[in-house]
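What follows is one structure encoded as structure tokens, with my remarks underneath.
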2 protein chains.
Amino acid sequence: MIDITLLGTAALMPLPDRALTAALLSCGGHGILFDCGEGTQTAGRRARANPLGVDVIALTHYHGDHTFGLPGLLQTMHAMGRQAPLLITGPAGLREAMAPILALAGHTDFSVALEPMPEGGLDLPERFPGWPARTRLAAFPTAHRGPSQGYTFTLGREGRFDPDRARALGVPQGLWRRLQAGETAEGTSGPVAPSEVVGPPRRGLKFVFSGDTRPCPALVEAARGADLMICEATFADEGVAEAINRHGHTLFSQAGAMAAEAGVQRLWLAHFSQAVGDPAEHLPLARAHFPAAECGEDGKRITLRFDAGSAGGEDLPRAGTAGPR
Amino acid sequence: MIDITLLGTAALMPLPDRALTAALLSCGGHGILFDCGEGTQTAGRRARANPLGVDVIALTHYHGDHTFGLPGLLQTMHAMGRQAPLLITGPAGLREAMAPILALAGHTDFSVALEPMPEGGLDLPERFPGWPARTRLAAFPTAHRGPSQGYTFTLGREGRFDPDRARALGVPQGLWRRLQAGETAEGTSGPVAPSEVVGPPRRGLKFVFSGDTRPCPALVEAARGADLMICEATFADEGVAEAINRHGHTLFSQAGAMAAEAGVQRLWLAHFSQAVGDPAEHLPLARAHFPAAECGEDGKRITLRFDAGSAGGEDLPRAGTAGPR
């Protein structure tokens, strides 16, 4: 189960009813914040999706509308007594970009690590004990101005467990969870391998956060089959497509086209220019390509769950996925 | 006429319905912003009191809740096409405190001057052509942690003009304004000095912004006879007065006592700790000392005007005081 809250939908500057684009992901009681513009901490409180406890802040790039909320957020984390180490990640230039931000934030009682995303992504439970198994954060390059990247978050799903087979092999029920976790367990006729009772991994959950970008193949590739794609759609006016793309941004229509090409389940548009008065008016431009497209709204929230379809098998309850805080 | 809008009333961290404490002053179409925490630009838009055009940003000190909105505000000013030079002033350490902020803000098409307040205050029309005559911004030391200061803004008022006397001396009506501005004008029997037709300067208008401070004599002195004092009242609990004061803050009761001692016309409390749930509940603590005390609220606005009382004289309309933008 993944809980996603879109904290804001504005581009460039915060508006009274439109905070800067950022999203909070919560999974198994742990969190990741995607971008942090001025006012993100307030937008979080307003949406009752508090980013103070996240383990990771994943920055898509270093423009002010995606980073100027960091000094205040770090100070608030400190003021609220945070002790847990924080990881801030982002594209090339992270250390240089964070220098004035950390200088402003000053001392914090918790440590702040600045680390690029590893090739192949970050295994979250390996890096932060307590994260649900098979959770991974990965970055992909996008096409904005200067270094930029988007992110995928995936929650893998173990194969289907066959309790009848486990019983037949004489594995006591207390050891089933061990088998599902990939370990062998003792049956009545000797060791039983996981593959004997657990099917192949099933489709998990995937979330994609585009950051700022012009339409680009890497985003489509990263978004393939995602359950939710939050995609920037800075402008709606088709007449200025070339200029907008040259500026490293995407149109409503182009976001829809990418979502369709990537075969995502859901598309939320975000990062609306101040010039986009009411995003809903322009939604048909995206829906022409991807009928399920929705406009993002500050505080819009969704819980992504595994497909039901467990006929013929059984889902053991997973430890550590007690839901978002 | 002075227009004051309180943009926020929070301390330390912005809350969903309480922006960080800052105030916008507007006079004759020109403006001064007092403090700029994270979210001040949004609070301004929300209050329809846009700080983008101010000539001066007057910082009371350099803690994050009073300064972290600057990088975003400067970028928004730039994005909106500002060309006019901006003055940022504050207590000792201004240049060091602003270094990371200006580094974050990056290039702006307008110049940013960092200047301490001059002794005796800043003559605004002298520094920024177009400000109404007799407007002055001055700083006074306060008692917070580290360098800190509060501000007074004064709008002086010319003496009463005696039209009967001017007529008797044969000064054509077209020259009256010159006399009131302090210049001589030709009458039927020779030059007429201003003092012959203009009385002594009258009581003007005064606004005081405390910034963060424990109760201190300099604030009381600066606030004497002010038309409006916005005073920090971070905490209400009398039981922790000593600790609060040691921390450089003021209680509701102490703000009231200072206002009473200074003989101000109006007191607005602000800079409420998160621990102060509903400030109105604690207002009686301030009113016990100063019955007219009011709680500040985000967006609270007042227009301060000269006293009526013009019997026996006449106020010539003043150029350049067309009211706030």
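The values are calculated or read from the model by the stated rules, or taken from the named source; none is laboratory data. None of the values given here were measured: they were computed from a predicted structure. Every residue, glycine among them, receives a Cβ derived from its backbone with ideal geometry; neighbour counts consider all protein chains shown.
Observations on the structure shown:
- The condition of being under 22 Å from the mean Cα position of the chain (by Cα), among the polar types (S, T, N, Q) and surrounded by 22 or more Cβ atoms within 10 Å (Cβ to Cβ) does not hold for A:Thr89.
- Strands (runs of 3 or more DSSP E) fully within the range B:10-83 that include at least 1 residues being closer than 24 Å to A:Leu52 by Cβ: B:22-27.
- Listed conditions (1) in contact with an Asp or Glu (Cβ under 7 Å, 6 or more places away or on another chain); (2) among the hydrophobic types (A, V, I, L, M, F, W, C); (3) more than 30 Å from B:His61 (Cα to Cα) are all met by B:Trp176, apart from (1).
- Within the range A:177-226, the only residue that satisfies the criterion of being of a type in the set (Asp, Glu), closer than 16 Å to A:Arg165 by Cα and part of a helix (DSSP H, G or I) is A:Glu196.
- One residue stands out among those in the range B:288-309 that are within 21 Å of B:Arg46 (Cα to Cα) and of a type in the set (Gly, Ala, Ser): the one that is surrounded by the fewest Cβ atoms within 10 Å (Cβ to Cβ), which is B:Gly299.
- When restricted to residues that are among the acidic types (Asp, Glu) and outside any loop (DSSP other than H, G, I, E, B), the range B:290-301 contains 1.
- Among the residues of the range A:198-214, those that are modelled with pLDDT of 95 or more and crowded, with 21+ Cβ neighbours inside 10 Å comprise A:Leu205, A:Lys206, A:Phe207, A:Val208, A:Phe209, A:Ser210, A:Gly211, A:Asp212, A:Thr213, A:Arg214.
- Residue, nearest to B:Arg134 (Cα to Cα), within the range B:266-325, restricted to residues that are among the basic types (Lys, Arg) and modelled with pLDDT under 95: B:Arg318
- Criterion (surrounded by fewer than 24 Cβ atoms within 10 Å (Cβ to Cβ), under 17 Å from B:Gly39 (Cα atoms) and out of contact with any Leu (no Cβ under 6 Å at 6 or more places or on another chain)) met by exactly one of A:Arg82, A:Arg46: A:Arg46
- Where a residue in the range B:16-40 is free of Cβ contacts under 8 Å to residues at least 12 places away in the same chain and more than 9 Å from chain A (Cβ to nearest Cβ) and its partner, wherever it lies, is crowded, with 23+ Cβ neighbours inside 10 Å and part of a strand (DSSP E or B), with Cβ under 7 Å and at least six apart: none
- Within the range B:53-75, the presence of a residue that is at the interface with chain A (Cβ under 8 Å from one of its Cβ atoms), over 19 Å from the mean Cα position of the chain (by Cα) and aliphatic (A, V, I, L, M) is excluded.
- When the criteria are applied in full, B:Thr152 fails the requirement of being within 14 Å of the chain's Cα centre (by Cα), closer than 30 Å to A:His63 by Cα and modelled with pLDDT of 95 or more.
- Exactly one residue out of B:Thr108, B:Thr142, B:Thr76, B:Thr135 is of a type outside the set (A, V, I, L, M) and touching a Gly at 6+ places or on another chain (Cβ under 6 Å), and it is B:Thr142.
- Subset of the range B:100-152 that is free of Cβ contacts under 8 Å to residues at least 24 places away in the same chain and within 14 Å of chain A (Cβ to nearest Cβ) - its residue that is surrounded by the fewest Cβ atoms within 10 Å (Cβ to Cβ): B:Ala103
- Any hit, the range B:53-60, residues being small (Gly, Ala, Ser), touching a Pro at 6+ places or on another chain (Cβ under 7 Å) and surrounded by fewer than 24 Cβ atoms within 10 Å (Cβ to Cβ): no
- Taking residues in the range B:69-97 that are over 16 Å from B:Gly146 (Cβ atoms), and partners anywhere that are hydroxyl-bearing (Ser, Thr, Tyr) and outside any loop (DSSP other than H, G, I, E, B), the pairs with Cβ atoms closer than 8 Å and at least 6 places apart or on different chains are B:Gly69/B:Thr40; B:Leu73/B:Thr40.
- Members of the range B:232-289 that are in a helix (DSSP H, G or I), more than 20 Å from the chain's Cα centre (by Cα) and among the aliphatic types (A, V, I, L, M): B:Val240, B:Ala241, B:Ala243, B:Ile244, B:Ala257, B:Ala280, B:Leu283, B:Leu285, B:Ala286
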